[in-house]
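Below is one structure, written out as structure tokens, with a few remarks after it.
The values are calculated or read from the model by the stated rules, or taken from the named source; none is laboratory data. In this text the structure is predicted, and so the values were computed from the model without any measurement. Cβ atoms come from the backbone with ideal geometry, glycine included; neighbour counts cover every protein chain shown.
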Amino acid sequence: MIKDDEQDEVAATQAAEAWKADAAPGIKKPERDDSALWDPVIRAPEVRAPEAEELPVARVVKMDMPPKQDEDPAIPIARLVPAILPLLQDGSINAALAIEEDWREGGGSEDLGGASALVRGQWPLVRELLGVATELPVPVVQAFAEGISTGEASTARPALQAFRKTDASAANAANGLLAVRAKRLYDATGGSLYTAPPARPDYYANYVPPPSISKSSGLSSWRLVSIGAVVISGILRIASQSHSSYDYDYHPIDIPNLPPMPAYDPSLYNTNLDTYTPPAMTLPPAPLPMQRDAERSLLLDEIILETQNITTYGLVPEDHQDKVDVFMGDALDDVCARMRISFVKVEKLKPIDDAEKAASAKEQLTAIRQRLDVVCPKKKK
């Protein structure tokens, strides 16, 4: 072991002297034998790891790509209308509405440029029909679609009339819907879907309203006119009950351009009527039976007429006539509270001495009482 260390030391000395000779010119540097020497100062050649293979690097290559194409545009109106009308004619309303919905979601435009005159006239009607198709009976939709396809919507009227005959109620409902929401289609029907309601009976065709009586006090001019009308009405009723005709004093009137009147021939007439004189009116006609379902105004007029008969024919003592006049005024004023009080006073009057007139007065008062209880009923407590 010691011998080996000495040899190493000698070798190291020789090597150091050889390297120093590099500074002396003209001296050749001996070659170094690295196989026999190991100098810790001198480093072994650096060992490099094998080089990794170069990986491919992504490169951006500019290529001529085709321009991005837009989505398919919506079909024009000129193709939409012929696609929808056959579906409506077949009654496929949902399918027609689906096509229109897809067309609108795809940006469909209602531009009619390039469309034919037929399509220009059809599209407003088709648009209205689609708007109400789900609310119309299917036969009505089919009839309209058939008429629109011919270019004249009014040609649907025969089919619409046939539907009205089968279901008048549904036809009237469709007519009202079209009148509000589809004016063009409504005009095209020409009333084909409408059924007029039955005429209502005119219950009041011959009704004549009674004259209105304003409320006031005192015997004013209008009250005198009312009393006169009642008196005349009573006289006419008496005349109608006593006889059927009168012999009036006739005076012919000469009228130009007319032939003369024929001469009077007594043989042509009943001679007994020539000497007829109407009986003296001493008693009023008997009151008519009261109608329970009569209107209040009619019953009030009958009360006034019967009260006037009492005054006209003197059915009460003359010194008590003022009480009858008070009741007449209350009746004309139509004041129930006063009428009930004043009529009680008339009922309590002493009968007249004439038995016939006293009996007639009782009939008139009884008739007035019956009507007064209906016209002015007593309030229930």
Checking Ala199 against (1) surrounded by 18 or more Cβ atoms within 10 Å (Cβ to Cβ); (2) at pLDDT below 90, the condition it does not meet: (1)
Tabulated pairs, the stretch 361-381, first over 11 Å from Met290 (Cβ atoms), second among the polar types (S, T, N, Q), C-beta under 8 angstrom, 6+ apart or interchain: Gln364/Thr307; Gln364/Asn309
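Condition check ((1) touching a residue at least 60 places away in the same chain (Cβ under 8 Å); (2) over 56 Å from the mean Cα position of the chain (by Cα); (3) within 24 Å of Ser233 (Cα to Cα)) across all residues:
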| position | (1), (2), (3) |
| --- | --- |
| Ile310 | no, yes, yes |
| Asp333 | yes, no, yes |
| Lys345 | no, yes, no |
| Ala358 | no, yes, yes |
Flag for Gly113 being modelled with pLDDT under 90 and exposed (fewer than 12 other Cβ atoms within 10 Å of the Cβ): yes
Residues within the stretch 152-193 that are over 19 Å from Gln122 (Cβ atoms), crowded, with 17+ Cβ neighbours inside 10 Å and of a type in the set (Ser, Thr, Tyr), tallied: 1
Failed item, numbered, when Glu306 is tested on (1) in a helix (DSSP H, G or I); (2) over 15 Å from Ala361 (Cα atoms): (2)
